[in-house]
Amino acid sequence: MILIVEDEPAIVEVIRSVLEDEGHVVQSAPDGVAALDMLRDGIRPCLAIVDLMMPRMDGWQLREHMLAEPDLADIPVAVVSAFVGEISDLDVSAIIRKPFDLAEIVEIADQHCGSG
Amino acid sequence: MPRASLAGVTQIEFGALLDAIPEAVIVADHTSEIVYANTAVEGLLGWSPSELVGSSLHSIQPDRMHDAHDRGFRRYVSTGTKTLFDGPIHLPARRRDGTERDVELSLAEVADADGTPLVVGVLRGATEQVDLERHIAILRYLKATTAAHTRLWTKVDPSVVLQTLTDVLVDDFDAALARTWIHDPETNTLRLQTSGGITTRIKGSTREVIDIATSPAKVAVVAREREPFIRVGLGGNPAFDQEFVARERIVSVIALPLVAGDQLLGAMVGFFRHAIPDEVAETIGHLAALAAATINDARLVAQEREAREEADRARGHFELLARVSERLVSSLSAEVSAQSLVDTVVPDFADWCIVDLVTDGPSLRAIASRHADPRVADHIAELRATYPPAEDEEPPHPIHRAISEGETVWESVEDGDLAARARDPRHLELLRAVGIGSHVVVPLVGRGAVMGAISFVRSASRPPFETDDVATAEDITRRAALAIDNAQLYRSAEQAVALRDRFLAVASHELRTPLSVVRGHWELLGRRLAAEGSDPDTQRQQLEASVRRLGQGIDQLQRLVEDLLDADRLRGQAVDLKPTELDMTMVVRETIEDLHDPAMRDRVRTILPDEPVDGVWDRARLAQVIGNLIGNALKYSPDDGNVEVEVTTREDVVRIRVTDSGIGIAAEQLDAIFEPFTRAPNAAAQHYPGLGLGLAVSREIVMTMGGRMWAESPGEGRGSTFTIELPRRPAAAAEAERAAP
């Protein structure tokens, strides 16, 4: 199962569609707070695709929380960002820049979750 | 410009020389035919030199300028009139592709080997880059000014003050030559006091003593007329020694009288090898005013020996001024300067001092306040929060009186006066607790405009302010005005430099999200069309969904691009309005109905008058402004908070207030959020999307309509209110109606 954490519904929809077309199971959360709740409730995605800029709790904060909890620290995270500058101090598996290439997302998903 | 001869320079050398110049150079003969163009012309205008040679100067001019060019050129050829030869001029040029660009043109006359006169034009692109460089130069000068202030203010001997002024002009402002004169009132003459920079002979002004009444020298003229003289481009001006101007490559001059009150103290002149921007000329004006004030103070100290009692007061005044000045110049922030000021004058000079600045709305912004009794601070905070000084109070509030009349308000305050001003018993209680026995309120005037006021208050338990104290308060305020004005100039120069960076960061971030949606769905569409064996009905539904999303994404991109273009169009240009007779309540209702999302519509409450509110406005622009405010109110109110839109009228003014219960605005951001590409930190930090343009564009529109617009908020997390005030009809229409019988 892949978890998408993103506040823009249109972006969630496009990523979800392509991943479901490829046979993946997808869940989504609109911000870091909701995502953290889901993870603490026990869902264990094979990959979390996380937007950096979100209200309430952003991607940086979510990643910090995940790294601080041993149960969640090993979940692979790919961040998605429209941020132009350099993204440093982020211990993540992949960085996807907006506007992104769907093939790139499919490839990362296949890498971590097998092909569907 | 003097006529140079190129005799002896061969054609080839001449061409190689001109090709080496980074500026575009075009040479034309007396029939307006282009005889030479260098390679830099192609970079600036797109024409290659070979294309231009042999054609008319009309080729590089917009059509509308041809007639004016022909007239001026004929006059120049037949009479030798060289109106435009006196320094660079700005005008549009036509590029090869037909577009126009602004250029800076300098003209000179030369002769070819046969002595036939030719006209040489040097063109430089006048672009925003130049503007940025100018702003950076201004920043540098302002920083130098701050240091110069400290140096000037700490001197007591006039000759040292004038030497310092000369040094500052030469060292920090790159003057080629700076000179100062001191005024002798007995003989009404100027005596040369200092000279710095190049040591050279200048015809006519080497005399040590200049008679103010009769001398034609510029220093005598500025001293006589008490008016500054600033000139860029000195070539050909008979008031200046042309040999000196040419030899030293002098481009501009600034000559200023040194005046304190209505007393002439001297004069100064600075010659520069570069053009002085207006802001820098202003800064030099400030320094000269400061030097004059310091010389005046020094004279006060000199008179001290003659009358001891008088002198004690003068010294107290001078010492206080010196202390205030020293503190004022220590910062380029208006808030920090004002806080040092109130900390210095309380408690020795006043028991309470508060510095208020005018804002774009009707309210004042207190940037510093101090009371001798710290326990009163809470009372003052409550007084200002609950009973802020209002424009329409009766009797008028002393601060608003000082601001609107531009004159010092000085009065004793009796308990009866407080009772008359109090709006309710709590108000009176607070006014009494603060303790007001007498006050002096002095308007802060900078560059001809009233920026705010400083209020000096003494409690009833000590002697009230006297005439001398009023002079001290006015001197302190004048210096504070210089410091605050400089701080604001510095801020606006800094902002101009930062604007471009912000634009790039914000625009690229905001464009990337919708671009991702469009690109993603386009890719998805391709993948699904290529997918084999899927159910045709499902496939059709999926395709329809993608096409719908693509449309929405493109709409969003288009809106962003239109916002950007709108902001660009509005910058520095008047909004084109198409006013018609309208009912404001209808515009508000329709704007709310036009909201995309029905759930959003339900969150907007309206308080509208029962009667129509008629007026003459541009419907589309008005809807744009109101829609922007309602949209912002909804966007920045999380948890589905309600938004209230209220329309009220007072005489010929209509007021629209949009109130939300959202994230609120910090006090220091209330003005800044109207700057283009500027968003309040709490809005940006929580990742609310936005370009930071809506308010800037809205305010531009409201101002063009003759109205004003401002924001109020009790603080972060506590909601905001945006108010628009509009006249019912444009000023011109209202006047025409009044004039009609």
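By other beta-carbon atoms within 10 Å, ranking B:TRP181, B:TRP47, B:TRP710, B:TRP522 with the fewest at the front produces B:TRP522, B:TRP710, B:TRP47, B:TRP181.
Rounded if a/c is under 1.5, else prolate if a/b beats b/c, else oblate: with a ≥ b ≥ c from the C-alpha gyration tensor eigenvalues square-rooted, which is the stretch B:216-257?
On the way: a/c = 2.77, a/b = 1.95, b/c = 1.42.
Note, shape of the stretch B:216-257 comes out prolate.
Multiplying the residue separation of B:ALA419 and B:ALA377 by 0.36 nm and removing their Cα-Cα distance gives an extension gain of 13.0 nm.
Considering every residue in B:508-517, what mean count of other chain Cβ atoms within 10 Å of its Cβ is obtained? Please report the intermediate quantities before stating the final value.
Working: counts 4, 6, 1, 3, 8, 10, 5, 4, 12, 8.
So the per-residue partner count for this stretch is 6.
Highest average first, the peptides B:32-45, B:238-251 ordered by how many other beta carbon atoms sit within 10 Å of their residues are B:32-45, B:238-251.
Only alpha carbons enter this Debye calculation for the stretch B:579-738, each as an equal point scatterer, and the log10 of I(q)/I(0) it gives at q = 0.19, 0.20 Å⁻¹ is -1.23, -1.34. The slack in the chain from B:ARG226 to B:ALA68, taken as 0.36 nm per residue of separation less the alpha-carbon distance, amounts to 53.1 nm. Legend: ranking of residues A:CYS113, B:CYS353, A:CYS46 from fewest to most surrounding C-beta atoms inside 10 Å; resulting order A:CYS46, A:CYS113, B:CYS353. Take each residue of peptide A:42-54, count the partner chain Cβ atoms within 10 Å of its Cβ, and average: the result is 1. Eigen-decomposition of the gyration tensor built on the alpha-carbon atoms of the stretch B:412-536 gives equivalent ellipsoid semi-axes of 65, 24, 8 angstrom, largest listed first. Rg/Rh for the stretch A:2-110 stands at 0.92; both radii use Cα atoms, and Rh follows the Kirkwood definition. Approximating the spin labels as points 7 Å out from Cα along Cα→Cβ, the A:CYS46-to-B:THR538 distance works out to 2.0 nm.
Going from the fewest other Cβ atoms within 10 Å to the most, the residues B:GLU393, A:GLU107, B:GLU675, B:GLU186 appear in the order B:GLU186, A:GLU107, B:GLU393, B:GLU675.
Highest first, please rank the peptides B:166-176, B:413-423, B:650-660, B:528-538 by the mean number of other Cβ atoms sitting within 10 Å of their residues.
Values: B:166-176: 20.5, B:413-423: 14.0, B:650-660: 17.3, B:528-538: 9.2.
Ranking, from highest mean packing down: B:166-176, B:650-660, B:413-423, B:528-538.
Note on B:521-532: average number of Cβ atoms from other chains within 10 Å of each residue's Cβ is 3.
Rule-based calculations on the coordinates, nothing more; no lab input. This structure is a prediction, so every number in the text was calculated from the model and none was measured. No Cβ is skipped: glycine too gets one built from the backbone with ideal geometry, and neighbour counts run over all protein chains shown.
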